[in-house]
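Shown next, in structure tokens, is the structure this report addresses.
The values are calculated or read from the model by the stated rules, or taken from the named source; none is laboratory data. If you're wondering where the values come from, they're calculated on a predicted model, not measured in any experiment. Cβ placement follows ideal geometry from the backbone for every residue including glycine, while neighbour counts extend to all protein chains displayed. Quick note on the areas: whole protein, heavy atoms, side chains included, nothing else; ligands and nucleic acids left out. Shrake-Rupley method; radii C 1.70, N 1.55, O 1.52, S 1.80 Å.
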Amino acid sequence: MKRHQVTIIDIAKELNLSKSTVSRALTGHKSVKPETRQAVLELAEKLDYQRNMLAISLITKKTNTIGIIVPEFKSSYFPTAIIGAQEVASKAGYTTVICQSDERYETEVANTRVMLANQVDGVLVSITKETLNYDHLKIFQRKGIPIVFFNRVCDEMEVPKVIVDDYDGAYRAVNYLIESGRKRIAHLAGPFSLKISEKRINGYKAALRKHNVPYDEELLISYDLNIEKVKIYVTHLLNLDNPPDAIFAVNDPTAIEAIQVIRKRGLRVPEDIAVVGFSNDFVSGLIDPPLTTVSQPVREIGRTAAQLLIDQINREVADWKTIIKVLKTELVIRKSS
């Protein structure tokens, strides 16, 4: 049987109406009588009519679609942020196209092409750990497509960004460890290519300075967020002549893996070594011992980024605003410290 997509013409013929009347009825135009609109809607549902969004987009110059590009799905952070973004987008009448880049620059570049091919009205982006060149993202600006960064941002592009106060979050985590009696605090940091890593390192160092705790460069390890390498680095720290009595990790997956390595060595958390993470991933409160961590308002980050993007979409390019939203973190103290 030949496939047939129901169109406005089919509905018009069935009800003996003009195409324009059916079109206005489907869009809720006030000029259409209520009984006519009701008849059109009932028949449209019966025939499983689907609006031709491609045709509509050609007329309106909009697809009512927002793109979201994130670096990974290995933790709960980005799925949670996406849920927040979708809540705002859906209420505003937008659907979402989602791509994850698997922490690879080449995949991120390919994902931007997907968004351009789908003619999204705007895009939310959090970059990969490998991203040092931003030409593929600047294309959106040149084409008049608004872009908003969140979490992992590009400083050289003057566009809206949504971040948390990474410096303050790290500072308060390390300050808490010192005030709890810890003096040899190691930091498993993220790659220097990411601003969030740099800010958390600076917060870590600032807390040490406040309490006159000497900074020991062998206690700071920057790594590429490959979780399989955590065992190597934690083992190295434990094998030092003067090992740490606490570890502050760049994120919760790193902290959780560190706890497993420490316990396999026969050491106790937190009695021998305290561990603190960053993000408050879903599993952080479920592991043994539950993880002390810096909680980020992840869902709100997604909501805020989506609202900023929609605001940009509704403006003329000349009226775009460069807004940076900095949200607060909260130290959640559990039994790992």
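Annotations for the structure displayed:
- Candidates Y171, Y167, Y215, filtered to the one that is under 27 Å from the mean Cα position of the chain (by Cα) and either more than 26 Å from E103 (Cβ to Cβ) or of a type in the set (G, A, S) (or both): Y171
- Filter pass, Q307 being more than 24 Å from E228 (Cβ to Cβ), polar (S, T, N, Q), open to solvent by 30 Å² or more (accessible area, probe 1.4 Å) and in contact (Cβ under 8 Å) with a residue 24 or more places away in the chain: yes
- Enumeration of residues in region 244-260 that are surrounded by 16 or more Cβ atoms within 10 Å (Cβ to Cβ) and outside any strand (DSSP E or B): P244, D245, V250, N251, D252, P253, T254, A255, I256, E257, A258, I259
- Among the residues making up region 224-256, those that are touching a strand residue (DSSP E or B) at 6+ places or on another chain (Cβ under 8 Å) and among the aliphatic types (A, V, I, L, M) are V230, V234, L237, A246, I247, A249, V250, A255, I256.
- Residues that are open to solvent by less than 10 Å² (accessible area, probe 1.4 Å) and modelled with pLDDT of 95 or more do occur in region 233-243, at least one of them.
- Residue check for L286: without any contact (Cβ under 8 Å) to a residue 24 or more places away in the chain and within 20 Å of S75 (Cβ to Cβ): yes
- Given (1) of a type in the set (A, V, I, L, M); (2) within 16 Å of V294 (Cα to Cα); (3) open to solvent by 40 Å² or more (accessible area, probe 1.4 Å), number of the condition I227 does not satisfy: (2)
- Being modelled with pLDDT under 95, touching a helix residue (DSSP H, G or I) at 6+ places or on another chain (Cβ under 9 Å) and either closer than 22 Å to Y167 by Cα or surrounded by fewer than 18 Cβ atoms within 10 Å (Cβ to Cβ) (or both) is not true of K325.
- Single condition E316 does not satisfy, out of (1) out of contact with any helix residue (DSSP H, G or I) (no Cβ under 7 Å at 6 or more places or on another chain); (2) within 26 Å of E156 (Cβ to Cβ); (3) touching a residue at least 60 places away in the same chain (Cβ under 8 Å): (3)
- Scanning region 81-125 for residues that are on the phi < 0 side of the Ramachandran plot and of a type in the set (D, E, K, R) turns up E87, K91, R104, E106, E108, R113, D121.
- Qualifying residue in region 289-299 (condition: of a type outside the set (F, W, Y), assigned to a strand (DSSP E or B), under 16 Å from the mean Cα position of the chain (by Cα) and at pLDDT 95 or above): yes
- Unique residue being closer than 23 Å to L194 by Cα and either free of Cβ contacts under 8 Å to residues at least 24 places away in the same chain or surrounded by fewer than 19 Cβ atoms within 10 Å (Cβ to Cβ) (or both) when the list is E106, E87: E106
- Note on region 114-152: among residues that are among the small types (G, A, S) and either touching a residue at least 40 places away in the same chain (Cβ under 8 Å) or surrounded by 15 or more Cβ atoms within 10 Å (Cβ to Cβ) (or both), the one that is farthest from N226 (Cα to Cα) is G144.
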